[in-house]
1. Search segment A:7-20 for residues being more than 8 Å from every other protein chain (Cβ to nearest Cβ) and within 21 Å of B:Arg135 (Cα to Cα), and hand back the single one that is modelled with the highest pLDDT.
2. Among (1) facing chain A (nearest Cβ under 9 Å); (2) under 28 Å from B:Glu329 (Cβ atoms), where does B:Glu89 come up short?
3. Touching a Pro at 6+ places or on another chain (Cβ under 6 Å) and either within 7 Å of chain B (Cβ to nearest Cβ) or modelled with pLDDT under 90 (or both) - does that describe any residue in segment A:46-69?
4. Do any residues in segment B:93-117 that are more than 30 Å from A:Asn80 (Cα to Cα) have Cβ atoms under 6 Å from those of residues that are surrounded by 16 or more Cβ atoms within 10 Å (Cβ to Cβ) and among the basic types (Lys, Arg), where the two are at least six apart or on different chains, and which pairs are they?
5. Go over the candidates B:Leu28, B:Leu109, B:Leu102, B:Leu18 one by one and state the one that is closer than 18 Å to B:Tyr322 by Cβ and either buried (at least 21 other Cβ atoms within 10 Å of the Cβ) or not aromatic (Phe, Trp, Tyr) (or both).
6. Can you tell me which residue is modelled with the highest pLDDT among those in segment B:50-68 that are closer than 9 Å to B:Tyr311 by Cβ and part of a loop (DSSP other than H, G, I, E, B)?
7. Just give me the residues in segment B:371-384 being in a loop (DSSP other than H, G, I, E, B) and within 15 Å of B:Glu300 (Cβ to Cβ), in sequence order.
8. When you scan segment B:8-42, how many residues do you find that are assigned to a helix (DSSP H, G or I), closer than 15 Å to B:Glu89 by Cβ and not basic (Lys, Arg)?
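The values are calculated or read from the model by the stated rules, or taken from the named source; none is laboratory data. Treat the numbers as computed from the prediction; the structure is a model and nothing was measured. All Cβ positions, glycine included, derive from the backbone under ideal geometry; neighbour counts span all protein chains shown.
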Amino acid sequence: MSGPVQPLGQPFGQPFCDDPHIDQLLSMIVALGAELSVQSEQLDTLRRLLIDRGILDAASIADYAPSAEAQAERERVRRNLIASLLSSLNTATETPAQR
Amino acid sequence: MKFHPESPALIPDDVSRLKFIADLKRHLYFELGPRNRDDYQRHAAEAAGPQPPAAAAATREEIRRVMEGRPFFQLWSSLVRAAQDRMWEYVARVVDRDIARLNSRYRELQLAAPDDPGTDVDGLPDYVTRADVHRMPGGYHVEREADDLRAGALYDLGGAVYQLGLGNVSGAMLNDTRGQTLVAHLRHYYPWLKPGRILDMGCSVGHNTVPIHRAFPDAQCHAIDIGAPMVRYARLRAAGLGADISFNRQNAECTTFEDRSFDLVVSQILLHETSPQATRRIFAESLRLLRQGGVAVHLEVPVRYEHCDVYEQFFRSWEQYYNNEPNIEGVASTDLHALAQQTGFSDVLSGYQCIPLPTDRTAELAPEPIKGRGSWYIVSGRRT
């Protein structure tokens, strides 16, 4: 696959707000909301499955300590989340869609 | 999860993200969008001072200049754009995870039955290349490898999420309410029509060609689009749905089909992505292609400036200025009924056609926008 697609048209980084930082913050909030929504739904799926099947109760979830492998996976996911949230800080020629 | 048999595969996290974007868009359009008008009216009252405002209304451009300086419009627009850009980012994640499989499925189809390669269109029109329509990176035409259909896959998923964000749940993720609406129009106003050959101009990924093909399964159905990746994906998509439609790459302004070779020619939300000149050429081309007694139907976004006050005209053109839909104002301000008559169509009909719902199959065209009910604007006519 060749390189990223160059977006055309109304400049991707052109701000609406008097302070362009506000545009970047709003883009981060949208991404944050999307990721929060993903996590909420995943958690809801897991809780329902575990409790419906009698596998766990709420206390076992509160007492959980992740293994080293689980910890490493969590760190990878966390770094991706941070990169996604902060992608609006990229310059006008480096849009999220190009990553 | 898949939208249809050949769609890119979504995992639950993709669905969560895209549903979030659809809900966010819906909230922005319907809950917060109207506050822009309140804010503009507040500005107008402040500007007028204690005296009543002058009778002369501002123009769309004057309102735009005012609103671009208003903090609420800035925040709202920035959020709408951020939601759009994030939508393409999330859709691209889905497509790029599955693109090798999709491209190889297309090659399998090609090996089994080679495509009509269509014509090498004489360059791409300016309205396609000047800007990425809907801010979809790469637009309709960019290819990243031979036989690439990525743009079509992006558009298919993004379009479905976009329509959900507009609250248009009829047709669900197949995003085919335009085709259903067009068929409802044909059944009501042209019940005698039994087309032998059908052409859909500017079909994109063919999602709205499929319902027309299904309404007339005995007809030979052709569909064209300017974007090569779009017609490749359209072919794969239709094959998955079992729809026998011939797709090829052509410019709707000047196709290579013979004069009087179709009984039904349609376009669906094509015109507002072209130009005023192209709109006239597409109308003329649709007439040229019709046999005597044939019918042309052009379906468009339901934004008519003659039915909007000047503020609404400004607001409804947001997509042109900030979402790269190049001819919203051109179509909304053109009398399409008169244009069809000038082009040479007979018995021209025009108006707002309700999207058919299981609970409401209203089939008559409405002369004015229908409040609280999804509709598309239609102009149709016959060749006599």
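1. Looking only at segment A:7-20, we keep the residues that are more than 8 Å from every other protein chain (Cβ to nearest Cβ), and these are A:11, A:13-14, A:19-20.
Add one more test, that the residue is within 21 Å of B:Arg135 (Cα to Cα), and what stays is A:11, A:13-14, A:20.
Working: A:Pro11: 49, A:Gly13: 59, A:Gln14: 78, A:Pro20: 87.
Top of the filtered list is A:Pro20.
2. Among (1) facing chain A (nearest Cβ under 9 Å); (2) under 28 Å from B:Glu329 (Cβ atoms), the lone unmet condition for B:Glu89 is (2).
3. Taking segment A:46-69 as the starting set, the residues that turn out to be touching a Pro at 6+ places or on another chain (Cβ under 6 Å) are none.
No, that holds for no residue.
4. Listed by first residue and then by second, the contacts come to B:Tyr106/B:Arg232.
5. Details: B:Leu109 fails: closer than 18 Å to B:Tyr322 by Cβ; B:Leu102 fails: closer than 18 Å to B:Tyr322 by Cβ; B:Leu18 fails: closer than 18 Å to B:Tyr322 by Cβ.
Just a single option satisfies the conditions, and that option is B:Leu28.
6. Of all residues in segment B:50-68, those closer than 9 Å to B:Tyr311 by Cβ come to B:57-58, B:60, B:63.
In the following step, the residues that additionally are part of a loop (DSSP other than H, G, I, E, B) were identified as B:57-58.
Working: B:Ala57: 64, B:Ala58: 88.
Of everything passing the filter in segment B:50-68, B:Ala58 is modelled with the highest pLDDT.
7. So in segment B:371-384, the residues in a loop (DSSP other than H, G, I, E, B) come out as B:371-374, B:383-384.
Result: B:Gly374, single match.
8. Here the count works out to 8.
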